[in-house]
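Derivation of every value follows stated rules applied to the coordinates shown; laboratory data play no part. If you're wondering where the values come from, they're calculated on a predicted model, not measured in any experiment. No Cβ is skipped: glycine too gets one built from the backbone with ideal geometry, and neighbour counts run over all protein chains shown.
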Amino acid sequence: MSKGIEKRAKFDKIRYANCWEDPELLLESFCGRKYISIASAGDNSLSLLVKNPEIVYAVDLSVPQIACCELKKYAIKFLDYDTFLKLLGFKTSDNRLEIYKSIEENLSLQSRYFFEHNPEIIENGIIHQGKFEHYFQLFANKIMPLVHNQKNLTELFLPKSVQAQKLFYDKTWNNWRFKALFKVFFNKFVMGRLGRDKEFFKYVDTAMISKNIKERADKALRDVPTWNNPYVNYILLNNFDYALPHFAKEENFNIIKQNIDALEIKTGTINEVAKASGMKFDGFNLSDIFEYMDMDLFKEISAQLLAVSNNGARFCYWNMMVDRRVSEILPENFEYKKELSQELYLKDRAFFYKDFIVDEVIKNA
């Protein structure tokens, strides 16, 4: 059997302290009431609770990612909105450890052990403590001052018409320094060393990484409103002052709190957890997991997930550098929702990905 990413990459630290995929695409795609979701930092699994589901399974291989997800769940469940923002790092606070202690007993033993041995993660605000976030902190603190002054940075986030944004990007923002330094910072070596694990690029044409990400950044900064884009906000400013993630907005926080007990957090692979649940699911948030698989493993996992899906269930996932589509390898069982996929991709505020796929089950296994 082909080795999955769990055999090749390290999962000993928080890799992502925030989810870097836009949950709005999932919310517009999903139907039904039973969902299973790659946990990552927990954000998008929490966002699914605004749909008033019966159950959302949040699944991850990584103990630190599970700890991150559990912390957010119980912060929402037991804290008021302002205290929640302070604990996670959206607002400044000098007593995060004290706040954490008030909810600590609700976390699993493995998560409590993790935070006990890494208290600085709580003290410094967990949303800033992932490897990927540290990578963007370097970009904002070391690269951006070489490219643009504070005036230009502020102008980028001022609400404006799409036409005005395009003009600003073309005439002011996309200068030769931005092009050159972007290319240097977003290449395989730097991303693999400072951002993602190098194993995440195993099936990628590495020569195209910088070029592809630059083209997607052009789209995000030129054609998609920046003033309400939390991803661009954090990458360039290392905060969410102009735009909070979906799950952390107050109007969504209150709905999520009401439905918080529908979220179950599980350690393992999504196919194993789904099978062990004894359920069949209506929605699958698969993040970009197929990116890290060879074709044989991709086919195997897709078939296993099909076996735990209801008819009409939707598989939603992103391609970053590697083309994967379940409906191509299992055409008798899936319909590619091409029009919906393309429509949603144009709205995607997280610019790393080349494609967003919605595949719908038309014939259960």
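In this simple spin-label model, placing a label point 7 Å from the Cα along the Cα-to-Cβ direction at both residue 342 and residue 355 gives a separation of 1.2 nm.
Per residue of region 266-282, what does 6.51 cos²θ - 1.76 cosθ + 1.60 with θ = phi - 60° give for ³J(HN,Hα)? Whole Hz please, x for Gly and Pro, Karplus curve as stated. Karplus values, whole Hz, x for Gly and Pro: 10, 9, x, 8, 5, 5, 5, 5, 4, 5, 5, 5, x, 9, 10, 10, 9. Among 164, 313, 350, the residue with the largest mean-square fluctuation in a Gaussian network model of the chain, with springs joining Cα atoms closer than 10 Å, is 164. Loop-located chymotrypsin sites (Phe, Trp or Tyr not before Pro) in region 227-293 (DSSP state not H, G, I, E or B) with no more than 15 neighbouring Cβ atoms inside 10 Å: 227. Extending 7 Å from the Cα toward the beta-carbon at both residue 108 and residue 123 defines two label points whose distance is 2.7 nm. Per-residue extension of 0.36 nm, minus the Cα-Cα distance of residue 94 and residue 161, leaves a gain of 20.2 nm for this segment.
Just to be sure I understand: with springs between alpha-carbon atoms less than 10 Å apart, which residue in 95, 52, 233 has the highest mean-square fluctuation in the Gaussian network model of the chain? Comparing 95, 52, 233 in a Gaussian network model of the chain, the most mobile one is 95.
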